[in-house]
Amino acid sequence: MIKKQGLRLMLVALSLSVSSCAVFQPNAKKSGTAQSERDGDKKDGDLKPYAKVITKDAKSDEGLFTVHRVDDNYFYEIPDSLFNREMLTVTRIAKTANGIGFGGGKQNTQVHRWQRKGDKVLLRVVSYEVFAADSLPVHEAVRNSNFEPIIQSFDVKTVGKDSINKTTVIDVTDLYTKDVQALGLPDGTRKRFKVSRLDESRSYIDTIRSYPENIEIRHVKTYNAGEPPSNSSTGSISLEFSNSMILLPEVPMERRYFDERVGWFTTEQTDYGLAAQKSETVEFLDRWRLEVKDEDMEKFKNGELVEPKEPIIYYIDRATPEKWVPFIKEGIEDWQVAFEAAGFKNAILAKDAPTVEEDPDWSPEDVRYSVVRYLASPIPNANGPHVSDPRSGEILESDINWYHNVMTLLRNWFFVQTAAINPDAQDVAFKDEVMGRLIRFVSSHEVGHTLGLPHNMGSSVAYSVENLRSPEFTQEFGTAPSIMDYARFNYVAQPEDGDVALMPNIGPYDKYAIEWGYRPIPEKEGKEEKEILDEWILERAGDPMYRFGAQQSGGVIDPSSQTEDLGDDAMLASEYGIKNLKRIIPNLIEWTAEDGKDYEDLDDLYGQVLSQYNRYMGHVAANIGGVYEYTKTYDQDGAVYTHVDKDTQERAMDFLQEQLFETPEWMINQDIFNKIEFDGNVERIRSMQQRTMDNILDFGRMARLMENEEVNGKEAYTLLDMMTELRKGIWSEVYSGKRIDRYRRNLQRAYIERMEHLMNEEQDEIPARWRNWINRSEVNVSQSDIRPVVRGELNSLERQIKRSLNRSGDTLTRYHLQDILKRIDLILNPIK
């Protein structure tokens, strides 16, 4: 069974969504109480004078707190009004070495509270994981079980000079130079690299900058490590961390509650105050605070588009190459049509970052600004994390990280998926307008994540394969109903199809999801919205264009919710895709040629062809033992989980036998090989065939085939059906008496090795840290039918080989079969 909770947790991780676990918040003390807490062991008048602590040589930066640097020490001057206010601290890797995460990778998120107690200031962790309204009797019990841990205690050094706007000064140097795990390397990473301790002599604060609503800290940490992943001679790992401390809104935004039928990044909270006879976990959407202006509410109720009180604004990093800026902006503002469905106009805007001359104080690290950050990095990727308020899900800020080499990724995808029909892709360097359109596509996708939308891998199956060959259909609807799918580019279209669209746009699902998550419901709030939100879902229930299919991890169980696929029939779509790859191979040398250049691009793009081919094999194999998941509630008819029908599974097996296990001769091109390698083709084909065969002969897949037989009887594609057809296809020569060539001999030996694995091994245990993320069917192998079936298949094969052995006139074929018989005997009759 697919574990939906695990999937949602995984989506939040592969998209890098920065949201905190929800926790209980005790009543925040009013700012006036801070003064009473000054009374303690030491009176303010007994402290050092301000000028003795913050000397005339201090470098000061005013903002949320005033940050002072005196020599190598850093001081926070905290307004008393900010004591007991919640602040979200997000710890990320800013710079790293090879093998230790990536720049921008989130390490920890916590809510903190600065609190003055006499002559001490405490930094405490505020828990929002569990909750009960303060009006309920259970509130006190919840509060007592969620005492706020203290991260660090600081001596009050002095107080501010202003007697009206009172402030307290503390030295925070040790907070960022000592080993405070919450602000540095997490425990799991420490264990992985065998970290023993922090080396303070090689750790330091780089910068602390204060802005009106946040403080940004950069500090370098060096840890002694037993197994560093790179630069092992140093015996250590060094990273630069970024800590963003963000003031949370005094009044949280109104929540909108989650429904798993519409994909969304969410925040969770366990609520002990609900009427249910158990504690319940509630989830609410991570979303921007889009509100109707009071003076426009009647217009909004009458169906007119209105501008929000505060639009979502993205600034384009100054470092972005000028020629790509218009395309990134277009990708951002493509979402206007979706917000219009939610009732807003001009809801999302793209702007240039001000120049230094226009605003010397402007910084992309200022939490008031969401920025598309252009990073000079070899990472071929882009991502869209966001920071959200754990009390409400309100997205406070988002930075899209745009790595320079994402263009390499786009080149590879667009080439291998469209070059057969698209002259614009028949080169290793695209024209600026072509690359610009691809950049716009990725920009739109990443912005979707920052609006709260995860990947919708169930979107692309909504369109029939034949519709993807239609210029009229694709020009209107794109290649998928959601740009949040990994539908990529149109590999199905054939050269004779004409002017088909090659990529998705903001589609019907995207408009629906944004409307569902963002359209205000006047005079309703929180749980009161549920009835109306349910109606919006039921209006589109059963229409595949509006279906959400979660991203799967640990293997595909639902073949209708896969990554990188197109269309409603994996076998037909992949057949068209392979036809196009067959057109690309003979042209690779011509399309990559350039005088004076070596064959690196030829090698790279040939590899891309094989990778695309492997994706097709994966799309098809997922149908064998597949189970569809269509999320429903009690007021909807039909099953949530349904086994893939027998005919589809048989077609999938036939496809794999024909397109993969029968040697794919079309990819064996000596004109290419003699320019890129001295050997490797035989091994390459063996590896591809083995990968898919092992995928089919997977314990979890076999468990689902057995379950299907129990549920559906003769209507099911059974484990015996699959094993028999696989054996007869891979070993067809022993039934026909034909010569077995080298490629097929390798495949057959791989088959025997996999059968040995099935006879002798158990299902791998999922590491504890991945158990909530990985989805698979569990089976007790030794107590199931798997090993009797495997034994029976090996016995059948052994008998057939013995019958055909004397008919084989080819010496290598005979040696091969004799060796196989010996291997089978060792599996069935192991030496004690």
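Pick from the stretch 538-571 the residues that are part of a helix (DSSP H, G or I) and under 25 Å from the mean Cα position of the chain (by Cα): which of them is surrounded by the most Cβ atoms within 10 Å (Cβ to Cβ)? Before the answer, list the steps.
Residues of the stretch 538-571 part of a helix (DSSP H, G or I): 538-540, 544-546, 570-571.
Narrowing the set further to residues that are under 25 Å from the mean Cα position of the chain (by Cα) leaves 544-546, 570.
Details: Pro544: 18, Met545: 16, Tyr546: 23, Ala570: 29.
Among residues in the stretch 538-571 that are part of a helix (DSSP H, G or I) and under 25 Å from the mean Cα position of the chain (by Cα), the one surrounded by the most Cβ atoms within 10 Å (Cβ to Cβ) is Ala570.
Identify, from the list Thr631, Thr642, the residue that is in contact with a strand residue (DSSP E or B) (Cβ under 8 Å, 6 or more places away or on another chain) and outside any helix (DSSP H, G or I). So that I can check it myself, show each step before the final result.
Numbers: Thr631 fails: in contact with a strand residue (DSSP E or B) (Cβ under 8 Å, 6 or more places away or on another chain).
None of the others qualify; the one that does is Thr642.
Could you run through the stretch 745-794 and say how many residues are surrounded by fewer than 20 Cβ atoms within 10 Å (Cβ to Cβ), of a type in the set (Lys, Arg) and within 34 Å of the chain's Cα centre (by Cα)?
3
Tell me yes or no: at least one residue of the stretch 369-381 is of a type in the set (Phe, Trp, Tyr), under 30 Å from Glu86 (Cα atoms) and either surrounded by fewer than 24 Cβ atoms within 10 Å (Cβ to Cβ) or under 23 Å from the mean Cα position of the chain (by Cα) (or both). Quick ask: steps written out before the conclusion?
Applying the first criterion (of a type in the set (Phe, Trp, Tyr)) to the stretch 369-381 yields 369, 374.
Narrowing further to those that are under 30 Å from Glu86 (Cα atoms): 369.
Imposing the further condition that a residue be either surrounded by fewer than 24 Cβ atoms within 10 Å (Cβ to Cβ) or under 23 Å from the mean Cα position of the chain (by Cα) (or both) reduces the set to 369.
Yes, there is a match, as at least one residue in the stretch 369-381 is of a type in the set (Phe, Trp, Tyr), under 30 Å from Glu86 (Cα atoms) and either surrounded by fewer than 24 Cβ atoms within 10 Å (Cβ to Cβ) or under 23 Å from the mean Cα position of the chain (by Cα) (or both).
Among the residues in the stretch 166-178, are any β-branched (Val, Ile, Thr), modelled with pLDDT of 90 or more and farther than 25 Å from Tyr204 by Cβ?
Yes: the stretch 166-178 contains one or more residues that are β-branched (Val, Ile, Thr), modelled with pLDDT of 90 or more and farther than 25 Å from Tyr204 by Cβ.
Looking at Arg686 and the list (1) surrounded by fewer than 16 Cβ atoms within 10 Å (Cβ to Cβ); (2) basic (Lys, Arg); (3) under 33 Å from the mean Cα position of the chain (by Cα), which single condition is not satisfied?
Only one criterion is unmet by Arg686, namely (1).
Can we say Ser574 is part of a loop (DSSP other than H, G, I, E, B) and not assigned by TED's automatic domain parsing to the domain that holds Leu468?
no
What's the total number of residues in the stretch 110-125 that are buried (at least 17 other Cβ atoms within 10 Å of the Cβ) and outside any strand (DSSP E or B)?
The total comes to 1.
Considering only the stretch 72-91, state which residues are in a strand (DSSP E or B) and not acidic (Asp, Glu).
Asn73, Tyr74, Phe75, Tyr76, Ile78, Pro79, Met87, Leu88, Thr89, Val90, Thr91, listed by residue number.
Name the residues in the stretch 565-596 that are at pLDDT 95 or above and among the charged types (D, E, K, R), would you?
Residues satisfying the conditions are Asp565, Asp568, Asp569, Glu575, Lys579, Lys582, Arg583, Glu590.
Only one residue in Ser464, Ser460 is within 24 Å of Gly542 (Cα to Cα) and surrounded by fewer than 23 Cβ atoms within 10 Å (Cβ to Cβ), so which one is that?
On the way: Ser460 fails: surrounded by fewer than 23 Cβ atoms within 10 Å (Cβ to Cβ).
Exactly one residue qualifies, and that residue is Ser464.
List the pairs whose first member sits in the stretch 663-692 and is of a type in the set (Ser, Thr, Tyr), whose second member is surrounded by 15 or more Cβ atoms within 10 Å (Cβ to Cβ), and whose Cβ atoms are under 7 Å apart, counting only residues at least 6 apart or on separate chains?
What qualifies is Thr663/Ile685; Thr663/Tyr743; Thr663/Arg744; Thr692/Met617; Thr692/Ala621; Thr692/Leu656; Thr692/Leu660.
If you go through the stretch 603-611 one residue at a time, do you hit one that is within 26 Å of the chain's Cα centre (by Cα), under 25 Å from Tyr717 (Cα atoms), buried (at least 16 other Cβ atoms within 10 Å of the Cβ) and touching a residue at least 24 places away in the same chain (Cβ under 8 Å)?
no
Any residue that is more than 16 Å from Ile100 (Cα to Cα) and touching a Ser or Thr at 6+ places or on another chain (Cβ under 7 Å) - is there at least one of those in the stretch 164-174?
yes
Select, from Gly680, Gly700, the only residue that is among the small types (Gly, Ala, Ser) and over 26 Å from Asn623 (Cβ atoms).
Going through Gly680, Gly700 in turn, the sole match is Gly680.
Can you tell me which residue in the stretch 193-223 is farthest from Gly99 (Cα to Cα), limited to those that are free of Cβ contacts under 8 Å to residues at least 24 places away in the same chain and surrounded by fewer than 17 Cβ atoms within 10 Å (Cβ to Cβ)?
Thr207
Filter the stretch 697-744 for residues that are small (Gly, Ala, Ser), farther than 16 Å from Val627 by Cα and touching a helix residue (DSSP H, G or I) at 6+ places or on another chain (Cβ under 6 Å); which is surrounded by the most Cβ atoms within 10 Å (Cβ to Cβ)?
Gly729
Across the stretch 677-695, which residue is modelled with the lowest pLDDT among those that are farther than 12 Å from Leu610 by Cβ and of a type in the set (A, V, I, L, M)?
Val682
Collect the residues in the stretch 33-74 that are at pLDDT 90 or above, basic (Lys, Arg) and in contact with a strand residue (DSSP E or B) (Cβ under 9 Å, 6 or more places away or on another chain), keeping them in residue-number order.
Scanning the stretch 33-74 gives Lys48, Lys52, Lys59, Arg69.
Table: residues versus (1) modelled with pLDDT under 95; (2) part of a loop (DSSP other than H, G, I, E, B); (3) touching a Ser or Thr at 6+ places or on another chain (Cβ under 7 Å).
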residue: Asn775; (1), (2), (3): yes, yes, yes
residue: Val779; (1), (2), (3): yes, yes, no
residue: Val789; (1), (2), (3): no, no, no
residue: Ser796; (1), (2), (3): no, no, no
residue: Gln800; (1), (2), (3): no, no, no
residue: Ile820; (1), (2), (3): no, no, no
residue: Arg823; (1), (2), (3): no, no, no
residue: Ile827; (1), (2), (3): no, no, no
residue: Pro830; (1), (2), (3): yes, yes, no
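Can you spot a residue in the stretch 457-464 that is at pLDDT 95 or above, in contact with a His (Cβ under 6 Å, 6 or more places away or on another chain) and over 13 Å from Gly567 (Cβ atoms)?
As a first pass, look at the stretch 457-464 and keep what is at pLDDT 95 or above: 457-464.
Applying the additional criterion that residues be in contact with a His (Cβ under 6 Å, 6 or more places away or on another chain) yields none.
No, because not a single residue in the stretch 457-464 is at pLDDT 95 or above, in contact with a His (Cβ under 6 Å, 6 or more places away or on another chain) and over 13 Å from Gly567 (Cβ atoms).
Yes or no: the stretch 479-496 includes at least one residue that is farther than 27 Å from Gln551 by Cβ and either among the small types (Gly, Ala, Ser) or in contact with a Pro (Cβ under 8 Å, 6 or more places away or on another chain) (or both).
No: the stretch 479-496 contains no residue that is farther than 27 Å from Gln551 by Cβ and either among the small types (Gly, Ala, Ser) or in contact with a Pro (Cβ under 8 Å, 6 or more places away or on another chain) (or both).
So for the stretch 400-408 (the condition being at pLDDT 95 or above, outside the structural domain of Gly101 (by TED's automatic domain parsing) and farther than 30 Å from Ala541 by Cα), does at least one residue qualify?
Looking only at the stretch 400-408, we keep the residues that are at pLDDT 95 or above, and these are none.
Looking for residues that are at pLDDT 95 or above, outside the structural domain of Gly101 (by TED's automatic domain parsing) and farther than 30 Å from Ala541 by Cα, one finds none in the stretch 400-408, hence no.
Quick one: count up the residues across the stretch 321-364 that are at negative phi, surrounded by 19 or more Cβ atoms within 10 Å (Cβ to Cβ) and part of a loop (DSSP other than H, G, I, E, B).
Looking only at that region, the number is 5.
Output the residue which, of all residues in the stretch 290-319 that are surrounded by 18 or more Cβ atoms within 10 Å (Cβ to Cβ) and within 29 Å of the chain's Cα centre (by Cα), is farthest from Lys524 (Cα to Cα).
Asp317
Can you name the number of the only condition in (1) within 22 Å of Thr663 (Cα to Cα); (2) part of a loop (DSSP other than H, G, I, E, B); (3) of a type in the set (Asp, Glu) that Glu753 fails?
(2)
The values are calculated or read from the model by the stated rules, or taken from the named source; none is laboratory data. Remember, predicted model here, so these are calculated numbers, not experimental data. All Cβ positions, glycine included, derive from the backbone under ideal geometry; neighbour counts span all protein chains shown.
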